[in-house]
Amino acid sequence: MAQAPLDLFGIDHLLDEEEIAMRDTVRSFVEARIKPHLAEWYESATIPARELARDLGKLGVLGMHLEGYGCAGTSATAYGLACLELEAADSGLRSLVSVQGSLAMYAIWKWGSEEHKEEWLPRMAAGEAIGCFGLTEPDFGSNPAGMRTRAVRDGDGWVLSGNKLWITNGSVADVAVVWAQTDEGIRGFVVPTSTEGFSAPEIKRKMSLRASVTSELVLDGVRLPDSAAFPEVRGLRGPLSCLDEARFGIVFGALGAARDCLDTAIAYAKDREIFDKPLAAYQLTQAKLADMSLELGKGMLLALHLGRLKDAGRLHPDQVSLGKLNNVREAIAIARECRTILGAAGITLEYPIMRHANNLESVLTYEGTSEVHQLVIGRALTGEAAFR
């Protein structure tokens, strides 16, 4: 009797009933609502983001690991499993949910005023409002401390000017969390996208994350009241805390893309006959499948361990870097190897493998490049910062 790769590791025995129920609910939603349309969305580089946000809100996955304000308040591990199932569909779908819940909503939940929380979080949890997170700039990605976007005090308010780039959800967002330099250090601002001077042109001609909205944010003298600023947090502590939340979801999510590639390759190899026997019956094919299953299972065990640490309040950012570096790196290697099993069929949108591989090229570098995470781990091991 053939087994699924993760069944070899007995993963279900490591999950509780709530976690299994959440995983299975999201998986069923993805199979029925998302997967039939992905090839079309990817090819046309469009996605019904607002409709999907409402559906995802009803499903309860937007900000699901946050407490109160209409959020589900699940465990971090359950959230990770949801990310895995979402990315088994497409990295763009998981990105929509990650940016909404772990960046925009988390920033407001963690650092916002009570007025910010009450105004935005219930609507965002329901998918009635979409958020984006403005940190990366054209010249400042891995080094956000150098950002040029600036907020200056003007009377009883603020004026923001600058540009942000590679912003998921930007063109469809109702609210943007924007980080800017001020005379008091880096501060965060809650910016309704209807504010005069704010625009978000969509970035086109992408070869990756095509079923996802990616934008530039243009802040041309955006005038905000003093209440728009996060009241307490200063410096990079604010945005980096949000990135750690999003990276945690990626640790699980990337494995979803890898699992879908591997499941596809196994099914194809069992059906495809070469020299009068199934491709799956050849030793070289089985060696590839065995090695990929091993890396997928090891990545899953690492993700679950980090999830348990996070649920216990003991997860450190360095450990998130371990998960992001390993699991995305292995996921993209699995996607590429699976493509070889499918041969020419692997490059078409009839199968998801090339789409996943292309998407993972973006996941590899966003939320911290592999090189940055290597240096984070290196700093933890040596006590020396080698970023410059």
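The values are calculated or read from the model by the stated rules, or taken from the named source; none is laboratory data. Just so it is clear, the model here is predicted, and its values are computed rather than measured. Please note: Cβ atoms are built from the backbone with ideal geometry, for glycine as well, and neighbour counts cover all protein chains shown. SASA here: full protein model, heavy atoms, side chains in, ligands and nucleic acids out. Shrake-Rupley method; radii C 1.70, N 1.55, O 1.52, S 1.80 Å.
SER199 meets all of the listed conditions (1) of a type outside the set (Val, Ile, Thr); (2) within 30 Å of LEU6 (Cα to Cα); (3) at pLDDT 95 or above but one, namely (2).
Would you confirm whether or not segment 21-33 contains a residue that is open to solvent by 20 Å² or more (accessible area, probe 1.4 Å) and on the phi > 0 side of the Ramachandran plot?
Looking only at segment 21-33, we keep the residues that are open to solvent by 20 Å² or more (accessible area, probe 1.4 Å), and these are 21-25, 27-29, 31-33.
Keeping just the survivors that are on the phi > 0 side of the Ramachandran plot gives none.
Scanning segment 21-33 turns up no residue that is open to solvent by 20 Å² or more (accessible area, probe 1.4 Å) and on the phi > 0 side of the Ramachandran plot.
Among the residues of segment 355-388, the ones that are within 18 Å of LEU86 (Cα to Cα) and either open to solvent by 60 Å² or more (accessible area, probe 1.4 Å) or not in a helix (DSSP H, G or I) (or both) come to 3 in all. Across segment 163-181, the qualifying residues are those that are open to solvent by 10 Å² or more (accessible area, probe 1.4 Å), out of contact with any Asp or Glu (no Cβ under 7 Å at 6 or more places or on another chain) and not in a loop (DSSP other than H, G, I, E, B), and the one among them that is farthest from SER142 (Cα to Cα) is VAL172. Taken over segment 112-121, the criterion of being in contact (Cβ under 8 Å) with a residue 40 or more places away in the chain and either surrounded by 17 or more Cβ atoms within 10 Å (Cβ to Cβ) or of a type in the set (D, E, K, R) (or both) is satisfied by GLY112, GLU115, HIS116, LYS117, GLU118, TRP120, LEU121. Restricting the search to segment 1-41, which residues are more than 18 Å from GLY80 (Cα to Cα) and not in a helix (DSSP H, G or I)? MET1, ALA2, GLN3, ALA4 - these are the residues of segment 1-41 that are more than 18 Å from GLY80 (Cα to Cα) and not in a helix (DSSP H, G or I). The set of residues from segment 268-290 being open to solvent by less than 100 Å² (accessible area, probe 1.4 Å) and free of Cβ contacts under 8 Å to residues at least 24 places away in the same chain comprises ILE274, LYS277, PRO278, ALA280, ALA281, TYR282, ALA287, ALA290. The set of residues from segment 311-332 being more than 18 Å from GLU367 (Cα to Cα) and either touching a residue at least 40 places away in the same chain (Cβ under 8 Å) or among the charged types (D, E, K, R) (or both) comprises ASP311, ARG314.
Identify all residues within segment 311-330 that are part of a helix (DSSP H, G or I) and surrounded by fewer than 23 Cβ atoms within 10 Å (Cβ to Cβ); write none if there are none. Full working, then the answer.
Here is the first cut: in segment 311-330, the ones part of a helix (DSSP H, G or I) are 311, 317-330.
If the condition is that a residue be part of a helix (DSSP H, G or I) and surrounded by fewer than 23 Cβ atoms within 10 Å (Cβ to Cβ), then ASP311, PRO317, ASP318, GLN319, LEU322, LEU325, ASN326, ARG329, GLU330 are the ones that fit.
Put simply, of SER194, SER215, SER199 the only residue that is under 21 Å from ASP139 (Cβ atoms), open to solvent by 40 Å² or more (accessible area, probe 1.4 Å) and small (Gly, Ala, Ser) is SER199. Take ALA21 and decide whether it is more than 24 Å from VAL320 (Cβ to Cβ) and touching a strand residue (DSSP E or B) at 6+ places or on another chain (Cβ under 7 Å). So ALA21 does not fit the description; no.
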